[in-house]
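J.: One structure coming up, written as structure tokens, with questions to follow.
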4 protein chains.
Amino acid sequence: MEKDITIKPLSEIDYLKIHGRTTGDLSPLTLFWTASGIELNAKGAELWIEVEVDYEQYEPWISIVINSTPVGRQMLTKGRYWVCIFRGMNENVIKNVHILKDVQAMNSDPSHLLQIHAVKFDGEFLPVEEKKYKIEFIGDSITSGEGAIGAKQEEDWISMWFSAIDNYAVLTANALQADYRILSQSGWGILTSWDNNPNYNIPDYYEKVCGLLTGEKNELIGAFRENDFDAWQPDIVVVNLGTNDGGAFYSPEWKDEETGKVYKQRLNNDGTFHEDDVLAFETAAVQFLNKLRQYNKNAQIIWAYGMLGTPMMPAIYRAVDQYKKNSGDQNVSIIQLPNMTEETVGARAHPGKLAHKRAAAELAEYLKQFLYK
Amino acid sequence: MEKDITIKPLSEIDYLKIHGRTTGDLSPLTLFWTASGIELNAKGAELWIEVEVDYEQYEPWISIVINSTPVGRQMLTKGRYWVCIFRGMNENVIKNVHILKDVQAMNSDPSHLLQIHAVKFDGEFLPVEEKKYKIEFIGDSITSGEGAIGAKQEEDWISMWFSAIDNYAVLTANALQADYRILSQSGWGILTSWDNNPNYNIPDYYEKVCGLLTGEKNELIGAFRENDFDAWQPDIVVVNLGTNDGGAFYSPEWKDEETGKVYKQRLNNDGTFHEDDVLAFETAAVQFLNKLRQYNKNAQIIWAYGMLGTPMMPAIYRAVDQYKKNSGDQNVSIIQLPNMTEETVGARAHPGKLAHKRAAAELAEYLKQFLYK
Amino acid sequence: MEKDITIKPLSEIDYLKIHGRTTGDLSPLTLFWTASGIELNAKGAELWIEVEVDYEQYEPWISIVINSTPVGRQMLTKGRYWVCIFRGMNENVIKNVHILKDVQAMNSDPSHLLQIHAVKFDGEFLPVEEKKYKIEFIGDSITSGEGAIGAKQEEDWISMWFSAIDNYAVLTANALQADYRILSQSGWGILTSWDNNPNYNIPDYYEKVCGLLTGEKNELIGAFRENDFDAWQPDIVVVNLGTNDGGAFYSPEWKDEETGKVYKQRLNNDGTFHEDDVLAFETAAVQFLNKLRQYNKNAQIIWAYGMLGTPMMPAIYRAVDQYKKNSGDQNVSIIQLPNMTEETVGARAHPGKLAHKRAAAELAEYLKQFLYK
Amino acid sequence: MEKDITIKPLSEIDYLKIHGRTTGDLSPLTLFWTASGIELNAKGAELWIEVEVDYEQYEPWISIVINSTPVGRQMLTKGRYWVCIFRGMNENVIKNVHILKDVQAMNSDPSHLLQIHAVKFDGEFLPVEEKKYKIEFIGDSITSGEGAIGAKQEEDWISMWFSAIDNYAVLTANALQADYRILSQSGWGILTSWDNNPNYNIPDYYEKVCGLLTGEKNELIGAFRENDFDAWQPDIVVVNLGTNDGGAFYSPEWKDEETGKVYKQRLNNDGTFHEDDVLAFETAAVQFLNKLRQYNKNAQIIWAYGMLGTPMMPAIYRAVDQYKKNSGDQNVSIIQLPNMTEETVGARAHPGKLAHKRAAAELAEYLKQFLYK
């Protein structure tokens, strides 16, 4: 069974499809973002991949999808080693193999690392289909699939509760037969994080390969390089942000220990949002739309929001109105996603598998109008 | 995070629940059957298990279930090594951890082995609930969950397509909050295997721990010891056999190379079963019912059949009639399970996840009458 | 809108499709059985039908189905009068109109009558498609759709709780695109009724148009004439009987007031069925199979049983075995229908809409093998 | 069975619950709006109601709901006559009987009339529960349930395709155990109808009992009287308008034949809405919110929109923003309802039963926060 099995560095594979925003390096390939990964059409009996894994706190997990069906999901512990993907299969049949990082880029763990060096295989690789459409999803914990796996009672913030498989973004793209990239970070927003930290906003890091990471190692492997936007221009950009900006109004202030400056999105006495603060959010949203358009000239931009409530929806509508008026650009719209319910809640009080499934059904239906025309 | 993490052999764990028929040995524990495994209530932050794995052809897989929710499923390659179950969790919270063998006992691979030696843990274990009811399932590939995972197009007979999670037996037991054991082997029947091999019948091996295995190594680790029936008396025994006995009528003869004797369940010219051969099946079925009653004095015995068609159902009814008449024992009955459809087919033309789910719904509903009285 | 609307007796309609076993008379047409009715392809704006209705206790109801979609359901009170089926529609569009009797033939109300005399219409009728297949359903209250409509709390035995629409027989036939006829009577069985009355068995009346009716009026309108079997030969006969025969074992004896003779299907002390009595059922079942074959030379005969439990299933299997052995006829088989559950129960503790839907899904799937070959 | 059955005018019934906005008159009671009707707790065996019905083009239909379960639905043709609701029931059991008008108020048919004069009954009436909450729904064809019944191919604009049963408004109220009233008219909007007619707007007629009706007869029976708002103050007002205002942008101009004035919501060359015209809509929306608040001092006002697309959503958000800023009133919010899909479309290209069910699920979930606090 294992005769003729040979090792090939990724760079020597003829037909390798890479998912997710990354540096372009293949020696090794770094998987930064949720649902980034590799896809192969493998005609052979046995396949292994060589991974290099590190972390201080938050280990990576991968899911293995064979012929579009998830068949494995496992934690990757530290080290450089071989993981068997399949063995004992008919050597004459082509298997579509897709290996996904199940965990988001980890801003808070500079050591978090998942790289693929090589494959060990006894057959040949064939071309992998390019999908007709490309969709980029930008979001927070919802888009990171936090809580999409795990029991309702789970409360720990750990890698195990993240899923790229039961994730509305991946489900939506699959339903539309589209390639996809995800940029997401739990707790982050347009203006600030859920706890009013103004540094934890997605827009500031959009241009970089994976700018929200930290640490020297990530610098060395290219996380902070400029992203090559020309190489992958999406047909649609879905922005699922605002949930943490809404939360900031209900969270304590955040103090910048260096400057002593305090940040807080304020509530009025009657429970409504302070006008100045919600305006700051709107301004940030308009700026982000401008930036998105700058880098994605022809994409439909869809703000998709509502899986964990809709307090920011009026502000999002105002921001989109403002952006359209300023820019004259009409290719921006808003869709409200179905709110999580008691039946669809997952782990960590986040949307569960069923909530993601429902959101994907609504979102895919909405996106059709922009793709199938 | 990893301070104070210590290794404990299984034999030194205070509260260890073992699922599945096994020898009683803990140094190490051998997991023979589908859905056998260990269950722990673990109060601590990080847990690993030490496995020992071997095989020539068919490797073991495990599923990891935390707080009743599947969170991981992975191939176990050869060797003796540590597998991390969780890390970074709240050390003060009790996690229910259940690790299941996803693959059946492997008659055709004498090297196939999955053992657990020890755990590495930084907390304490607490008692695991005994369920109120016990159910034993005896079956073939259906009960082994063959094809319950994987794409419809899969045709390889490999470990990857076996599932103890999306398996009607486990789903039924979970729905009824019952403990369970599974004895099953793909291709085997009551009288013969699907290809008329009379040695590949489940009844002949019922008394042993895992009698259908082969090879010296399995003898050494106790697979052929007498099973300790007193230690685990089920409330219900579900027999899901007959599918391969039916198939034998449509398969070529099997020749015993040693004796030269040829075995074949014959079809008449009009396509009906030869009377003598179907009678041989019925006789074997009656004998198996006698044997089941001998070892399970108080269990309801349920013959559950039909997920892959019902050609043997008349013979099963005759056998059960015969058994009841002979024995006076009324605690035997038959339920027809819902047939697989185009919508519910899984891998390898076997029942898929949805077929197992439907079968479990019907079977659990039927079994309630014997448990909740 | 009502200009040019003219009255036509049924006998003068060019293309009239009649559903259900009836006499052949059209002046008027009598609808005897559940789901009997008329079907028209009507190109015109407005359509009425003239009905004649009578009853002492149990009034008829009808359902109106336009273009395969139920749009109305109403009680028909006594008298001869016009019922409007539609009005104000586009006169140039063809509407498929199907009017069904929602209530079973009523053995216990000799006055129960539903006849159609004529239509009033402003357009023309076009040919109605003959379906490729024909299925006859023979049953009891389940097949009469008793309880398929109405709240769970309903206990009255009245016409309102009968449905030909949410009825597994009609749903099955529609799923298979088959024409259908239903012969059914609540409480009746193969040998006796649920309360041991040996006169209330379906087989004795099978040859007549609607032999289980009573009274002079029914004789006059032809209910007791010989049925013209040549005119409508089914591809499949579904027998859903046995439920009341099973009930008879648990019901008090029935005394024939004329002869003083007492009838009772007996239970043994251990709760099993008395051997002689269950044998009497089996004998009656074999005889009925003989009779069905006599009148339906080429039909597959399917015994479909189990929506309200399966106590008679072993006896049904024995009867079918016996029949096949005696006759050499292999075109008889058995399917177990899904048992009603707490979720699927309808009115009067009978199968509700969902139970009928599930049964139809299983039955239609099973019947496909006999039709699509 | 029919002994002692006596006629009672509605005005003499002790416990009569009236649903829907009406005049207060009982001799007879006029049912104007969709889902208006009467509810009785009837302890007796047989119940009839005396209706008076008229129309030129669009006849009324009713649905009959017994013990919360729909059991009948029928067209009511012209005349004054008795309709039997039930007969032959257990005289000692209380039946909850709810009779609903299935068809909207008919602006275009001044003759359209449904009145109830009296009941004929052999038992006694008992008190009918007041629900804890009250919800008013204001809408267009969607809220009239147009197309919620009937085949997809139906295109006629006739009464038959209207449903108060499979209507999201009724389903929502039932899910929340709330009493409800519906005010709706197909084709109408906030500012104009779908075809730019500025007279066909709901807000102008809100204060009257049923102000959008026409003709002397309707004046005589009180349709144009001031509504008694004090008598029924809702907890929630749901406004489902805007769909036809959106359509007006894509429809030809409407010319007032008397004044010669032409009305048209204009599209810009790039397909966007003309700023002045969409502003006119927003102004009308703000005015309507003001009017709603004037008459419903304590109600939550919910704008629910999206079942047939969301082109007006930005304008609705701007209008609600504007209203809240002007008034300081925070008790207004917006929910986007799930868009109809190919799977959920009903008759006349309108939301079908399944679309209404989904919308009701989302809306009920959203409304809970305002009721259960």
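J.: Take every residue in peptide A:63-76, count the Cβ atoms of other chains within 10 Å of its Cβ, and give the average of those counts. Walk me through the numbers before you get to the answer.
T.: Details: counts 2, 4, 1, 8, 6, 2, 10, 3, 12, 9, 7, 9, 9, 1.
Mean shielding by partner chains, rounded to a whole number: 6.
J.: Once you order the gyration tensor axes a ≥ b ≥ c over the Cα atoms, which shape class does the range D:133-371 get: rounded for a/c under 1.5, otherwise prolate or oblate by comparing a/b with b/c?
T.: Working: a/c = 1.18, a/b = 1.09, b/c = 1.09.
In terms of gyration-tensor shape, rounded.
J.: Another question, then. Compute the whole-percent fraction of alpha carbon pairs in the range A:1-128 spaced more than 27 Å apart. Can you show the working numbers first?
T.: Working: 1083 of 8128 pairs.
Of all Cα-Cα distances in the range A:1-128, 13 percent exceed 27 Å.
J.: Of B:24, B:81, B:127, which is farthest on the positive side of the dipole of the range B:1-146, counting Cα position, with +1 on Lys and Arg Cβ, -1 on Asp and Glu Cβ, and the Cα centre as origin?
T.: Of the options given, the answer is B:127.
J.: In Å², what does the accessible area per residue of the range D:1-42 work out to with a 1.4 Å probe?
T.: On the way: 1790 Å² over 42 residues.
Heavy-atom SASA per residue in the range D:1-42 reads 43 Å².
J.: By Cβ position, which chain A residue lies least far from the axis that rotates chain A onto chain C, and what is the distance to the nearest whole angstrom?
T.: A:343, 8
J.: Right, another one. Can you run the Rg to Rh ratio on the range A:73-232? Use alpha carbon positions and the Kirkwood inverse-distance Rh. Don't skip to the end; give the middle numbers.
T.: Working: Rg = 17.5 Å, Rh = 18.0 Å.
Looking at the range A:73-232, the ratio lands at 0.98.
J.: Same structure, new question: For the range B:142-150, just list the computed ³J(HN,Hα) in residue order, Karplus coefficients 6.51, -1.76 and 1.60, θ = phi - 60°, integers in Hz, with x standing in for Gly and Pro.
T.: 4, 6, 7, x, 5, x, 6, 10, x
J.: I'd like the interface area for chains B and C: accessible area of each alone minus the complex, both sides summed, 1.4 Å probe, protein heavy atoms only. What is it in Å² to the nearest 100? Walk me through the intermediate numbers first.
T.: Numbers: alone 16200 and 16180 Å², together 30870 Å².
Between B and C, the summed buried area is about 1500 Å².
J.: Would you grab the residues whose amide H sits under 5 Å from the one on residue B:119? Only those 5+ places off in sequence or on another chain, please, with H modelled 1.01 Å from N.
T.: Amide H neighbours of residue B:119: B:8, B:10, B:50.
J.: While we're on this one: What is the pair-distance distribution P(r) of the protein assembly as shown, computed from all Cα-Cα distances in 10 Å bins starting at 0, with each bin given as a whole percent?
T.: With a bin width of 10 Å, the distribution comes to 1, 7, 13, 16, 17, 18, 14, 9, 3, 0, 0.
J.: Using amide H atoms built 1.01 Å from N in the peptide plane, name the residues 5+ places from residue D:133, or on other chains, whose amide H lies under 5 Å from its own.
T.: Placed amide hydrogens put D:179 under 5 Å from residue D:133.
J.: What is the dipole size for the range A:6-126, taken about its Cα centre, with +1 at each Lys and Arg Cβ and -1 at each Asp and Glu Cβ, in debye to the nearest 20?
T.: Values: 11 positive and 15 negative charges, 49 e Å.
Using Cβ point charges on Lys, Arg, Asp and Glu, the range A:6-126 gives about 240 debye.
J.: What dipole magnitude, in Debye to the nearest 20, does chain A give about its Cα centre under +1 on Lys/Arg Cβ and -1 on Asp/Glu Cβ? Show your work: numbers first, answer last.
T.: Values: 36 positive and 52 negative charges, 190 e Å.
It works out to roughly 920 debye.
J.: Continuing with this model, one more query. Per-residue HN-Hα couplings for the range A:167-178, Karplus 6.51 cos²θ - 1.76 cosθ + 1.60 at θ = phi - 60°, whole Hz, x for Gly and Pro?
T.: Result, ordered by residue: 9, 4, 5, 5, 4, 5, 4, 5, 4, 9, 6, 10 Hz.
J.: Between the label point of residue A:326 and that of the same position in each other copy, find the distances and list them shortest first in nm, with every label point placed 7 Å from Cα along the Cα-to-C-beta direction.
T.: Copy-to-copy label distances at residue A:326, shortest first: 2.7, 8.7, 9.0 nm.
J.: Quote the FRET efficiency, to the nearest 0.05, computed for residue A:279 versus residue D:369 with a Förster distance R0 of 25 Å and r equal to the Cβ-Cβ distance.
T.: Details: r = 26 Å, r/R0 = 1.03.
Result of the calculation: an efficiency of 0.45.
J.: Evaluate peptide D:148-157: per residue, the Cβ atoms of other protein chains within 10 Å of its Cβ; return the mean as an integer. Could you put the intermediate results ahead of the total?
T.: On the way: counts 0, 5, 5, 8, 2, 7, 8, 3, 7, 3.
Taking all residues of D:148-157 together, the mean is 5.
J.: Can you list the copy-to-copy distances for residue B:155, using a point 7 angstrom from Cα toward Cβ, in nanometres, shortest first?
T.: 4.9, 5.3, 6.2
J.: Could I ask something else about it? Which ³J(HN,Hα) values in Hz, rounded to whole numbers, follow from the phi angles of the range A:311-319 under the Karplus curve 6.51 cos²θ - 1.76 cosθ + 1.60, where θ = phi - 60° and Gly and Pro get x?
T.: Residue by residue, the range A:311-319 yields x, 8, 4, x, 5, 5, 4, 5, 5 Hz.
J.: Averaging over every viewing direction, what projected area does the convex hull of the Cα atoms of the range C:325-373 cover, in nm²? Intermediate results must be reported in sequence, preceding the final value.
T.: Values: hull surface 19.8 nm².
Approximately 5.0 nm², given one-decimal rounding.
J.: How large is the charge dipole for the protein assembly as shown, taken about the Cα centre, if only the Cβ atoms of Lys, Arg (+1) and Asp, Glu (-1) carry charge, to the nearest 20 debye?
T.: Values: 144 positive and 208 negative charges, 1 e Å.
Dipole of the protein assembly as shown, to the nearest 20 debye: 0 debye.
J.: Positive end of the charge dipole of chain D (Lys, Arg +1 and Asp, Glu -1 on Cβ, about the Cα centre): tell me which of D:9, D:339, D:106 has its Cα farthest that way.
T.: D:339
J.: With all protein chains present and a 1.4 Å probe, how do B:68, D:108 order by accessible area, largest first?
T.: Numbers: B:68 100, D:108 65 Å².
Reading off the accessible areas and sorting them downward yields B:68, D:108.
J.: Hey, what number do you get for chain A at 222 nm if only DSSP H runs of n ≥ 4 count, each worth -39500 (n - 2.57), divided across all residues, to the nearest 500?
T.: Values: 6 runs with 74 residues, N = 373.
Helix-only estimate at 222 nm: -6000 deg cm²/dmol.
J.: Ok, one more. In whole percent, and with a 1.4 Å probe on the protein chains, what portion of the accessible area of the protein assembly as shown is carbon and sulfur?
T.: Numbers: 26240 of 56610 Å².
Of all accessible area on the protein assembly as shown, carbon and sulfur atoms account for 46 percent.
J.: For the range C:109-196, I need the span (max minus min coordinate) of the C-alpha atoms along each principal axis, in Å, sorted largest to smallest.
T.: Ordered largest first, the range C:109-196 gives principal extents of 50, 30, 27 Å.
J.: Straight distance only, please: which lysines reach the Cα of residue A:264 with their own Cα at less than 27 Å, same-chain residues fewer than 8 apart left out?
T.: A:255, A:291, D:324, D:325
J.: Run the label-point distances for residue C:11 please: 7 Å along Cα to Cβ, every other copy, nanometres, shortest first.
T.: 5.3, 9.6, 9.7
J.: Then there is this: Counting only other chains, what is the mean number of Cβ atoms within 10 angstrom of the Cβ of each residue in peptide B:86-93? Could you put the intermediate results ahead of the total?
T.: Values: counts 5, 9, 9, 6, 5, 0, 0, 4.
What the average comes to for B:86-93 is 5.
J.: Of the options C:298, C:310, C:242, report the single residue whose Cα projects farthest towards the positive end of the charge dipole of chain C (beta-carbon charges: Lys, Arg +1; Asp, Glu -1).
T.: Going by the Cα projections, it comes out as C:298.
J.: Quick check: the angle from helix D:275-295's long axis to the longest principal axis of chain D, C-alpha only, nearest 10 degrees?
T.: Value to nearest ten degrees: 40.
J.: Over chain B, what relative contact order in percent results from Cα pairs under 8 Å that are six or more residues apart?
T.: On the way: 902 pairs, mean separation 64.5, N = 373.
So the answer I get is 17 percent.
The values are calculated or read from the model by the stated rules, or taken from the named source; none is laboratory data. None of the values given here were measured: they were computed from a predicted structure. Ideal geometry is used to build each Cβ from the backbone, glycine not excepted, and the neighbour counts take in all protein chains shown. Accessible surface areas use protein heavy atoms only, side chains included; no ligands, DNA or RNA. Shrake-Rupley method; radii C 1.70, N 1.55, O 1.52, S 1.80 Å.
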